[in-house]
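Q: Following this message is one structure expressed as structure tokens.
Only the coordinates and a few stated rules stand behind these numbers; no lab work does. All figures in this text were calculated on a predicted structure; none of them were measured in a lab. We place every Cβ from the backbone using ideal geometry, glycine too, and count neighbours over all the protein chains shown.
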Amino acid sequence: MSADLLYSDTEDALRESVRALLAATCPSERVTEAYDGDTSVASDAWRAVSDAMELAGLGIDESLGGGGATSREVAVVMEELGRVVAPIPFLTSSVIATRVLVSCGAGDLVRTLVDGSAVAVLTVPLTTMDLGDLTLPTVAGGLVTGRVHAVAGCELATLMIVPALDGTVLTLQAIEPQSGSTSVTMRSSFDMTRPVADVGFTAAPATELARGADAESAVRAGLLAGGAMLASEQVGLAEWCLESTVAYTKQRNQFGRPIGSFQALKHRMARLWIAVNSARAAARNAAVLVDAGGDEAAVAVGLAQAYCSDVAVLAAEECVQLHGGIGMTWEHPAHLYLKRAKADQVALGTAAHHRAVLAEGLTPT
Amino acid sequence: MSDARPAIDLAREFIESWDPATPREESLRARYDAGLAWVARPAGLGGLGCAPEDQRAVEAAFTAAGFPDNNALANGIGLGMAAPTIFAVGTDEQKERLLRPLWTGEEIWCQLFSEPGAGSDLANVATRAVRTGDGWVVNGQKVWTSNAHNAVYALLLARTDPDLPKHSGLTYFALDMRDPGVEVRPLRQITGEAEFNEVFLTDVVIPDTDRLGDVNNGWLVAMTTLANERVSIGNSDAEVEQTMVDVVERTWRSAPESTRERTRDRFMSLWVDAKVADLAAARMKQQLEAGKPGPEGSALKVTFARLAQELSGLEIELLGADGLGYGDWEMVRPTIVEFTGRDAGYRYLRAKGNSIEGGTSEILLNIIAEKVLGLPPEHRPDKGMAWKDSPR
């Protein structure tokens with residue numbers, strides 16, 4: 001029954017090189033500057049990781065110039081990005097938008113994403129789990145009009161993939177945001193390492209990528225891949241929080257002994273370790289099954305999202321609490337993790353939303 | 001490791017030359033003598049020294065041919081704990097004498113470890129074994145002994161030197177339960193059943209030839225036994241929980257309560273936790289198979305205990321009035337704990353033991369914190385102190 005949930009030697013090697021690269025390009029003090037209005041944090045980091053290693057194209061098929069990695073390999077990169085709260089649009093461009101474009105058969109556009117010089121974004125609110133009852137922009141005569149709130153991954157975007165209604169038919173429209181008919185208003189965001197923007201289109205010239213069932217399945221594929229990879233980001237984030245908390249409580253002394261020797265704290269960390277390991281199994285399962293698509297993939301991703309997002313928040317909250325006063329400071333990076341974890345919790349559907357959808361699958365037909 | 005062929009070939013030869021209707025004991029003894037009992041064990045002791053994986057094919061061949069099995073479930077402690085311990089530390093004479101009847105099920109084993117004063121702190125056992133000539137005389141009280149009323153032998157942990165620190169003064173024995181000084185009393189649980197016993201030992205005589213391992217080295221031997229126990233309890237809990245989430249899922253579907261959003265979300269949270277726990281268990285098995293054993297066994301036991309408790313508790317609520325019944329409070333003495341087919345009330349009560357038996361969840365969390373995360377150990381005031389001087 002079970003997928004291979006371990007890491008292969010190739011994946012371990014990939015992890016090692018990505019970790020070294022991110023240590024150099026995303027130190028926490030630099031990432032923190034994203035909160036003080038430094039808009040170059042994301043672009044510098046994106047350029048650095050793109051130049052050193054074609055991360056953006058890792059999951060793109062080799063026939064389109066990419067690295068041809070499977071989702072389980074890309075998931076390892078996501079874990080590492082989560083471990084440093086990397087302020088780069090990898091999830092939104094290299095995972096979600098890439099998967100949507102591939103599904104639309106837009107190979108030429110996918111090819112431009114490989115070296116990171118182009119950045120794409122699917123313009124839906126970050127909270128989107130399915131298009132459901134979202135109010136979408138409309139398209140008429142090749143021109144798109146409408147507004148979308150809380151879109152992540154816009155800050156460097158050179159290509160917007162816009163779900164827009166042509167009458168009652170869903171279409172996907174490609175728009176280059178540089179044109180004057182598109183406005184991107186960056187919001188002061190809870191998680192400034194993955195900031196959200198309000199996007200407006202006023203008769204913006206667009207190229208249609210897909211319509212009807214093709215458009216629907218492309219969006220679904222993109223969000224499903226996004227959910228699977230987000231779970232791995234959450235695992236990496238939680239793992240860092242646990243490791244740093246364990247390290248801190250071993251060396252912090254109060255009452256003449258390391259605080260990590262108090263059972264009240266040890267049990268909290270041991271429980272967190274159990275939760276992180278379980279989250280890892282769930283995230284690996286989703287990463288292995290997502291590429292095949294279908295019901296099995298949907299359940300695996302739903303399960304991973306219903307589990308991992310709360311574990312990441314718990315890990316970040318425990319990290320802040322067990323660090324005591326230092327955990328509340330701007331200087332200590334714990335807050336970067338807390339903010340990302342909390343934003344991740346509502347990204348691509350809350351745990352409760354995923355549970356509700358999973359419950360529908362259990363209802364007898 | 002030799003390849004799989006000899007084991008399965010020998011099994012086929014055996015099956016062809018023996019009548020499956022041969023009396024049970026005779027058939028099992030012959031199978032042991034042919035090395036087809038536990039094929040990975042050494043030749044002459046029921047095995048052929050081949051790879052552990054070969055066991056499955058051999059087992060399947062015997063079952064398919066209609067041969068009796070050794071009713072492994074009835075002798076879980078013998079096969080799961082006593083045998084690995086005897087293989088690890090037993091003398092040649094002990095292996096020769098004890099292992100065959102153990103494997104055939106003619107001699108059931110139990111375990112005399114826990115005491116009223118030694119639960120989580122197992123090294124605190126107070127049962128004394130005093131040297132007399134070529135043997136030992138044992139006095140003390142043991143508790144939580146499954147199968148003591150059926151057992152012919154017990155694994156005994158007893159104190160042989162109270163002047164040494166607690167871990168150092170223990171010795172490990174095989175105790176003959178037929179000794180007149182052994183008194184077994186059923187210990188009734190909150191379920192009404194008595195799976196366990198109290199065992200009172202009064203001037204029980206053990207020949208020195210039944211000592212397992214060196215004098216005062218009993219703690220290390222006990223650790224061998226317990227490592228096997230935790231693996232087996234972790235696995236059986238996983239099976240229990242897997243059945244339980246399916247049972248509760250059926251109840252949830254048909255319960256009027258399940259339409260309430262709050263109830264649905266509560267059940268779904270447990271459902272998600274249970275499915276993720278299964279994945280974590282699958283991942284642990286893969287790690288073991290890849291030769292990278294991890295400490296996840298302890299973690300899984302904590303998780304499965306909580307899930308069995310919460311799932312069965314929710315089920316009683318979902319059942320409403322039907323949840324108010326209870327099968328039977330009669331004090332039966334089951335050999336095997338079986339959750340399947342039992343009502344939610346029984347499972348709810350029995351599951352309370354899941355976080356206590358085989359290491360409490362609190363102790364397992366300590367183990368994870370100290371052995372995995374490397375956090376500083378608990379303060380232990382009796383460390384290094386002569387056992388007789390430590391506060392009790």
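Q: If one computes P(r) from the Cα atoms of the protein assembly as shown, what percent of pairs lie at distances over 35 Å?
A: Beyond 35 Å sits 56 percent of the P(r) for the protein assembly as shown.
Q: Same structure again: Give me a single rounded figure for B:216-222: the average over its residues of other chain Cβ atoms within 10 Å of their Cβ.
A: Per-residue shielding by partner chains comes out at 0.
Q: Please give the average number of partner chain Cβ atoms lying within 10 Å of the Cβ of each residue in A:294-307, rounded to a whole number.
A: Per residue, the average neighbour count from other chains is 2.
Q: Helix by helix through chain B, keep the DSSP H runs that span 24 Å or more along the axis on Cα and average at least 0.0 on Kyte-Doolittle, and give those back in order.
A: B:296-319
Q: About the Cα centre of chain B, what is the dipole size in debye to 20, counting +1 per Lys and Arg Cβ and -1 per Asp and Glu Cβ, all else neutral?
A: The calculated dipole for chain B is roughly 820 debye.
Q: Checking the cross-link filter: which lysines have an alpha carbon closer than 20 Å to that of residue A:250, excluding same-chain neighbours under 8 positions apart?
A: The reachable lysines, counting only those whose Cα sits under 20 Å from residue A:250, are A:266, B:371.
Q: Towards the positive end of the charge dipole of the range B:286-385, with charges on Cβ (+1 Lys, Arg; -1 Asp, Glu), say which of B:364, B:376, B:337 has the farthest Cα.
A: B:376
Q: For a quick protection proxy, order the peptides A:76-85, B:14-23 by their average other-Cβ count within 10 Å, most packed first.
A: Ranking, from highest mean packing down: A:76-85, B:14-23.
Q: Normalised by the number of residues in the range A:121-204, what is the relative contact order in percent for Cα pairs under 8 Å and 6+ residues apart?
A: Once divided by the residue count of the range A:121-204, the mean separation gives 33 percent.
Q: A further question on this structure: Please work out the Cα center distance from the range B:64-93 to the range B:173-227, rounded to the nearest Å.
A: Answer, in whole Å: 17.
Q: Now for a different question. Which one, A:356, A:165, A:274, projects farthest toward the positive side of the charge dipole computed for chain A from Cβ point charges (K/R +1, D/E -1)?
A: Working it through, the farthest residue towards the positive pole turns out to be A:274.
Q: How high is the relative contact order of chain A, in percent, counting Cα pairs under 8 Å that sit 6 or more residues apart?
A: With pairs under 8 Å counted, the relative contact order is 17 percent.
Q: Cβ neighbours within 10 Å, averaged per peptide: list B:34-46, A:5-17 in order, most packed at the top. Each step should come with its number before you reach the end.
A: Details: B:34-46: 19.8, A:5-17: 14.7.
The most tightly packed comes first, giving B:34-46, A:5-17.
Q: Highest mean first, what order results for B:275-283, B:367-375, A:29-37, A:92-100 on Cβ atoms within 10 Å?
A: Values: B:275-283: 23.9, B:367-375: 19.1, A:29-37: 15.7, A:92-100: 27.8.
Output ranking for B:275-283, B:367-375, A:29-37, A:92-100: A:92-100, B:275-283, B:367-375, A:29-37.
Q: I would also like to ask the following. What does the helix-only formula give at 222 nm for chain B: each DSSP H stretch with n ≥ 4 adding -39500 (n - 2.57), the total divided by the residues, and the result rounded to the nearest 500 deg cm²/dmol?
A: Result for chain B, helices only: -13500 deg cm²/dmol.
Q: In a GNM of chain B with a 10 Å cut-off on Cα contacts, which of B:119, B:341, B:76 has the highest mean-square fluctuation?
A: In the Gaussian network model the winner is B:341.
Q: Take every Cα-Cα pair in the range B:96-156 and report what % of them are more than 19 Å apart.
A: 44 percent
Q: Between residue B:287 and residue A:247, what FRET efficiency follows from the Cβ-Cβ distance if R0 is 25 Å, with the result rounded to 0.05?
A: Plugging the Cβ-Cβ distance into 1/(1 + (r/R0)^6) gives 0.55.
Q: Assign unit charges at the C-beta atoms only (+1 for Lys and Arg, -1 for Asp and Glu), then state the dipole size of the protein assembly as shown relative to its Cα centre in Debye, rounded to the nearest 20.
A: That gives the protein assembly as shown a dipole magnitude of about 1600 debye.
Q: Let me ask something additional. If you count, for every residue in B:302-312, the Cβ atoms of partner chains within 10 Å of its Cβ, what is the mean?
A: For this peptide, the per-residue mean of nearby foreign Cβ atoms is 1.
Q: Provide the FRET efficiency to the nearest 0.05 for the residue B:57-residue B:164 pair, computing r from the beta carbons and using R0 = 45 Å.
A: Plugging the Cβ-Cβ distance into 1/(1 + (r/R0)^6) gives 0.40.
Q: Still on this model: So what is the relative contact order of chain B, in percent, for Cα pairs below 8 Å that sit 6 or more residues apart?
A: Relative CO of chain B lands at 14 percent.
Q: Of A:248, A:210, A:238, whose Cα points farthest to the positive end of the dipole of the range A:207-258 (charges on the beta-carbon: +1 Lys, Arg; -1 Asp, Glu; origin at the Cα centre)?
A: Comparing the listed Cα positions along the dipole, A:248 ranks first.
Q: Treating cross-link reach as a plain straight distance, find the aspartates and glutamates whose alpha-carbon is under 17 Å from the alpha-carbon of residue B:166, omitting any fewer than eight places away in the same chain.
A: Output for residue B:166: B:115, B:121, B:214, B:378, B:382, B:389.
Q: I need the phi-derived Karplus couplings for the range A:44-60: 6.51 cos²θ - 1.76 cosθ + 1.60, θ = phi - 60°, integer Hz, Gly and Pro marked x.
A: Those phi angles translate into 4, 5, 4, 5, 4, 6, 6, 5, 6, 7, 6, 4, 4, x, 3, x, 8 Hz.
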